[in-house]
1. When the chain is fully extended, how far beyond the present Cα-Cα distance does residue 266 get from residue 169, taking 0.36 nm per residue of separation?
2. Taking 0.36 nm per residue of separation and subtracting the Cα-Cα distance, what length does fully extending residue 243 through residue 565 add?
3. Going by Cα centres, segment 254-271 and segment 437-489 are how many Å apart?
4. Nearest 0.05, what FRET efficiency do residue 224 and residue 476 give at R0 = 51 Å with Cβ-Cβ as r?
5. Give me the number: length gained by fully extending residue 467 to residue 185, i.e. 0.36 nm times residue separation minus the C-alpha to C-alpha distance, one decimal in nm.
6. Sort 520-529, 579-588, 373-382 by packing, meaning the average of other beta carbons within 10 Å per residue, with the highest value first.
7. Using packing as a proxy for protection, rank 285-294, 559-568 so that the peptide with the highest average count of other Cβ atoms within 10 Å comes first.
8. If you average the alpha carbon positions of segment 61-113 and of segment 499-521, how far apart do those two centres end up, in angstrom?
């Protein structure tokens, strides 16, 4: 097992009693969220639990009265069983009532849990949308997101556990009062039997949480290996390259490492838990013998024996459940802390005073000595980039992989901030504009666009989702991007479900998906259009037609094109050639061909390939 893993269990995200109890401070905020979700259901659940909490001791007391009444009537020469049958009827009614309230509690807890699950999932999605792209691409961020996202079920369980704990407190208090009234010495035995088990459970719940937390990124890797090992999108390469054993062995090695750590912890927890439970059983029978002795000596009645033995047994079980539930609550509270830590993550303040965006671009964009390195990297991707993109100009970025083309787009879109230098729009630093409003300026299709497994209509409307019901606009966008050619092959047309995840879904080819993605760009009447390698899956003829249309349809718009096919980028007004993070050349196709530098070399090599 890697030493790093052993160290992670001991040191990384280590918890102790203090951290466990500190995490409980999040529970009031947790219940405030639940209260705000559905006040009525919460009140019904609380009232049902209050009544259900008092019923056990009342039922035990009625049982005592029944036994004493039986003994009394046996001794009488002319017995009257009216009171006895009244007690029996009352006990029967209380048990039915207990069952009714139990069902009501399960129902309200389930409904509250479902509503809370929906509400928190929505909050996580919205919070993710507020986070900067730079954080989205940070592995540490994903660990936080993973813990917040995957513990939704645990938070719903926490709801039931905390409410049940409040109910138990009332029940335990009523039972303790009954025991103190008859035999207070039994309380001492009870405490001695329960406390060691409680401390043991708290200790191991902390260690379990520490292990789970330290393995967050590894669990994500296990999920990824499950995905690529059993998925229709990867099946072809897995079979072709014979990757099954590689994926299986990697999965087994990683999962076995976690299994060995968890097994050791589970065995220790089960062993000590057994010893402490035996101690509890010994305490119970010690108390039982003591109660029998008190009956035999005539100190208490047989009915009181029934009440005391039943109360002690019920109280011991209630306390065991209480402390076991407390450890689950303290463990869940640690995960609850992860959720609130994620929700409370700082995001950029969009309410601060900003410059108004120009209604139309008059001058254009300017990059001034822009340098950039990705977080946690010492290597600069951009090294002093300077160029101007005039209003209404069609610009193409050209360069080999890793030259910095897509990074320039990310900086222009304010997904990242330059390490140094500045980017100007009409002479104003783009940082002075409201980010959300500024990004509305752009219509962008990236090379790694997402294939939404929605209907075709919804897939196209994503470019301007407010127009999802505007079929005429969607059809117009499809015609511009050639996605209308895809519609003819689909049984349900624009209402066809895409992808294989859901029933009646149809998978598109790479080229068809790209035409759909391009239609999104035409759905949004953006001031700046950006196409980042969006046509790589199209054949040369289709790509040329797409770009010819794009150039014609964006006549008055500022546009940026990134493509490895020089037959298309030659249509741009200006071409920027990048090499190793620097601008090597800028000019028109004719000018760059005359320079006899990188652009001319690459263009000639590609042209030779078509001969």
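Read-outs: derived from the displayed coordinates by stated rules, not from any lab. Bear in mind that the values here come from a model prediction, so they are computed numbers and not experimental data. Don't worry about glycine lacking a Cβ; one is built from the backbone with ideal geometry, like all the others, and counts go over all protein chains shown.
1. Working it through step by step, the gained length comes to 32.0 nm.
2. 112.7 nm
3. Cα centroid to Cα centroid, the span is 49 Å.
4. That gives a FRET efficiency of 0.80.
5. 94.1 nm
6. Taking the mean over residues of other Cβ atoms within 10 Å, the ranking is 520-529, 579-588, 373-382.
7. Answer by packing, highest mean first, reads 559-568, 285-294.
8. 65
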